[in-house]
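Structure, as structure tokens:
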Amino acid sequence: MLVAKGIEKYYGDLHVLKGVDVTIGHGEVVSIVGPSGAGKSTLLHILGTLDESDKGEVKVGETNITKLKGDKLATYRNNEIGFIFQFHNLLPEFTGEENIIIPGLIAGRSEKELKIRAKELAGILGVAGRLQHKPSELSGGEQQRIAVARALINDPKIIFADEPSGNLDSKSAQDLHELFFRLRDEFGQSFVIVTHNQELAEMADRMLTMQDGKIVSL
Ligand code: ADP
Ligand code: ADP
């Protein structure tokens, strides 16, 4: 599904990624662990087109996403992948429902269809009753579920998550982790998750350990 080869990245003189190869299978949940500064976030950002590598390529299906530019890149980002961050970045002035459907509106889908899908997703995520609330009226766990629904609204094939439960209490974190696997089972999405949470890392189908810009175990 996703194949990255020979990924290298420099920040000035700092060689942050030193030739990373990664393969993510269809419907596979892969965790990326390792010490702070190892290059995990940088790798995730490159796999997810949020950052560019200096060397190497990332292919998703037949598409070389390292070469995508402009409109094609925007369309790819909006339709094929979803992102979940430690801090959910929900828009404070919009309701949960509005936050969820915004990527769908950007993709040009009908608002009516999107609201139906938002309700369905919120149901699966256990926040159906919270859709008309603004982020400030929701708990941390609820906010993160709304952010997950937003990441899923365009049915992406791959979800990239950077410390998705880093800001949650242990019960909410556990619920969120179980959710990822339910979503995978239900929709067949692949997940690539950078995490310091040992339990989540070990639940994954595969755990990649990064150290000093390389993957040291497969
Ligand atoms: P991790 O996610 O494993 O903690 P990062 O990918 O965030 O590691 O960072 C790897 C290294 O790259 C660190 O030394 C970090 O300071 C550096 N780095 C990350 N982003 C930037 C940037 N935008 N500019 C300069 N250095 C960066
Ligand atoms: P993480 O928890 O993922 O390791 P960091 O604190 O390393 O997060 O990085 C947070 C953000 O700051 C990222 O977008 C990263 O690219 C950027 N960043 C990290 N280190 C540096 C750096 N030395 N110089 C500039 N930007 C950096």
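Just so you know, all these numbers are worked out from the coordinates, no wet-lab data involved. On a predicted model such as this, the values are computed, not experimentally measured, just so you know. In this analysis, Cβ positions are derived from the backbone assuming ideal geometry, glycine residues included, and neighbour counts consider all displayed protein chains.
For the range 120-163, place one equal point scatterer on every Cα, skip the solvent, and apply the Debye formula. What is log10 of I(q)/I(0) at q = 0.22, 0.25, 0.34 Å⁻¹?
So the normalised log intensities are -0.75, -0.91, -1.28.
So which of LYS115/LYS214; LYS134/LYS157; LYS69/LYS157; LYS72/LYS115; LYS67/LYS171 end up more than 31 Å apart, counting from Cα to Cα?
Correct reply: LYS115/LYS214; LYS67/LYS171.
Considering only DSSP beta bridges whose two residues both sit in the chain, what percent are antiparallel, to the nearest 5?
On the way: 18 of 36 bridges.
Bridges in the chain that DSSP calls antiparallel: roughly 50 percent.
State the answer as a single residue: which of GLY108, THR95, LEU125 lies farthest towards the positive end of the charge dipole of the chain, with beta carbon charges of +1 for Lys and Arg and -1 for Asp and Glu, about the Cα centre.
Projecting each Cα onto the dipole axis, the largest value belongs to GLY108.
Counting C-alpha atoms alone, how compact is the range 35-85: give Rg to one decimal and Dmax as a whole number, in angstrom.
In Å, with Rg to one decimal and Dmax whole: 11.5, 36.
At q = 0.09 Å⁻¹, what log₁₀ I(q)/I(0) does the range 80-218 have when each alpha carbon counts as one equal point scatterer in the Debye sum?
So the normalised log intensities are -0.26.
Once amide H atoms are built 1.01 Å from N in the peptide plane, which residues 5 or more positions from GLY34, or in another chain, come under 5 Å H to H?
Amide H neighbours of GLY34: MET210.
Take the alpha-carbon positions of the range 1-141, form their convex hull, and give its projected area averaged over all directions (one quarter of the hull surface) in nm².
So the mean shadow area of the Cα hull is 10.4 nm².
In percent, how large is the relative contact order of the chain, given Cα pairs closer than 8 Å and 6 or more residues apart?
Details: 410 pairs, mean separation 68.8, N = 218.
Across the chain, relative contact order equals 32 percent.
Report the equivalent ellipsoid semi-axes for the range 160-218 in whole Å, largest first, defined as the square roots of five times the eigenvalues of the gyration tensor built from alpha carbon atoms.
20, 15, 9
Which value in deg cm²/dmol, rounded to the nearest 500, describes the helix-derived mean residue ellipticity at 222 nm for the chain, given -39,500 (n - 2.57) per DSSP H run of n ≥ 4 and division by the residue count? Write down the numbers at each step before the final one.
Details: 7 runs with 82 residues, N = 218.
Estimated from H runs of four or more residues: -11500 deg cm²/dmol.
Which of ALA151, PHE187, THR63 sits closest to the plus end of the dipole of the chain, meaning its Cα is farthest towards the positive end, when Lys and Arg get +1 and Asp and Glu get -1 on the C-beta?
Farthest along the dipole direction, towards plus: THR63.
What is the range 1-69 by shape, rounded, prolate or oblate, if you read a ≥ b ≥ c off the alpha carbon gyration tensor as root eigenvalues and call it rounded for a/c under 1.5, prolate for a/b larger than b/c, and oblate otherwise? Intermediate results must be reported in sequence, preceding the final value.
On the way: a/c = 2.12, a/b = 1.24, b/c = 1.71.
The shape class here is oblate.
Assuming a ≥ b ≥ c are the square roots of the Cα gyration tensor eigenvalues, decide whether the range 93-167 counts as rounded (a/c under 1.5), prolate (otherwise, with a/b larger than b/c) or oblate.
oblate
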